[in-house]
Each structure stands twice: as C-alpha cells, then as structure tokens.
1. Just name the residue that is nearest to residue 57 (Cα to Cα) out of those in the range 164-191 that are in a loop (DSSP other than H, G, I, E, B) and touching a helix residue (DSSP H, G or I) at 6+ places or on another chain (Cβ under 7 Å).
2. Mind telling me which of the residues 153, 143, 169 ends up being at pLDDT below 95 and surrounded by 14 or more Cβ atoms within 10 Å (Cβ to Cβ)?
3. Right, residue 237: assigned to a helix (DSSP H, G or I) and crowded, with 19+ Cβ neighbours inside 10 Å or not?
4. What do you reckon, is residue 203 in contact (Cβ under 8 Å) with a residue 24 or more places away in the chain, in a loop (DSSP other than H, G, I, E, B) and buried (at least 20 other Cβ atoms within 10 Å of the Cβ)?
Ligand SMILES: [Fe+2]
C-alpha cells in the first residue's frame, strides 16, 4: 500500500492542495496526518474539511489544534502565533472546532505509531535529538514512529544502542526501511516549512517495497499571502512563507 504522510498544514489551503495532488500522482491510497491542521494560515475551515474527508489511517492532534480549547498551551506560543490562533477561532465552524479538538494525541497501530511531538509528550515536546530517540523507543511499537511539530524533514534510524539522524529536504529522497532498525520519520511541514525552502514538504510510505520517499512541491505562495493580508495576519507570518521559515 502507498500511504501519503503529511503534517503541519497550518491553514494553508494552496500548499495542502499541491501536496494532495502530488500524492495522488504518486499513487497514495490512504493517509497519515501528524497534527496541526490550523494556526498561522488563512484557510483553517477548508483545511479541516479537506483533511477529514481523506481515507485516513491515522490523524492526530497538534499543539495548535489543541490550543483552540486549551488556553494554557498558548503560553508556549509567541505573540504572532497567539494572534493567528485568535483569528483562526473566528474562521472555524463549531463542527470543525469540535472535530479538531477531539482528535487523539496518539495513534498506535501494529506496525507504526503517530504523534505530533514525541511519544513521551505528544503535544509539547519537539522530537529533535538522538537522546530522545533512545528514551522514547520503549514508548511506541512497530517499525516507524511518524512525528511532526519541528517543521523539518528528517529521519532517525537505529536501536537502543546507537542511532543516526539525517535531514532530507530534497524532493525524491528515498530511504529503505530495514527490519533490523526502528525509525522516527518527520515528513516536514506542508503549510509552513522551516528549512529555508518554501515548497510544501511531505512524504510517501510504500509498505510493500518498505521505502519512504521525502517529497517537495511548489504552490502559489502569493495567493496564500494575499488572503493572510486580507485577514490582517501578522506581517512576519506572511513574509516568512516566501522564504521557508
Ligand atoms: Fe506546527
């Protein structure tokens, strides 16, 4: 089976459409989403509708999704992110707000796990170090743990004794998943990449070939920025989209 894996859409409809069109071309039949449907971007409602209509294998809660009704999480946000969240609340229907805030923090399937942050702390912690790889190994089951939250495309590979980490920001980078190792894979961010490349980042897991391919796709950044200006989103959030931050 070919599974589209994506994360951190952050209300960016143009980037989401580009991602789903590419995944369709790549033959994705099912989808895994690692959290943060909303926050930062101008189209939260359309993004919720589009994502929740997909044939989803797993979909988890991100910290921005959770902050919609857990105000204590806002204290971790900078000023711009708090302003964007306030605007997002006004742009969401009650049904979408409920659907988002009741997503699970973690999905554990026989062969993989999905969380936004880390298995130890799915909402707040960033999965970014080899030390975390080792300390989290006993907290999830299967071959792969898919994560989001850092907005960087990477994978960690290893065992309890040693592991490696590799950044994968180039379109088409394909890795083979071996049975001897376990993996943490972050497909990067669809709607707000932070690796200085403005293209939407996501990936494709081919469970038959047992490979994961990191993908990038351009989208109409100016169109998203125009909508953000119309809704008076903070200028830093508008400008950063064009430079991949
Ligand atoms: Fe995010």
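1. Taking the range 164-191 as the starting set, the residues that turn out to be in a loop (DSSP other than H, G, I, E, B) are 168-172, 177-181, 188-191.
Checking the rest, the ones that are also touching a helix residue (DSSP H, G or I) at 6+ places or on another chain (Cβ under 7 Å) come to 190-191.
Working: 190: 18, 191: 21 Å.
Among them, the one singled out is 190.
2. On the way: 153 fails: at pLDDT below 95; 143 fails: at pLDDT below 95.
Answer to the selection: 169.
3. Values: assigned to a helix (DSSP H, G or I): yes; crowded, with 19+ Cβ neighbours inside 10 Å: yes.
Taking the combined requirement at face value, the residue satisfies it.
4. Details: in contact (Cβ under 8 Å) with a residue 24 or more places away in the chain: yes; in a loop (DSSP other than H, G, I, E, B): no; buried (at least 20 other Cβ atoms within 10 Å of the Cβ): yes.
Here the answer is no, as residue 203 does not meet what is asked.
The values are calculated or read from the model by the stated rules, or taken from the named source; none is laboratory data. Worth saying up front: this structure is predicted, and the values here are computed from it rather than measured. Cβ: placed from backbone, ideal geometry, glycine included. Neighbour counts: every protein chain shown.
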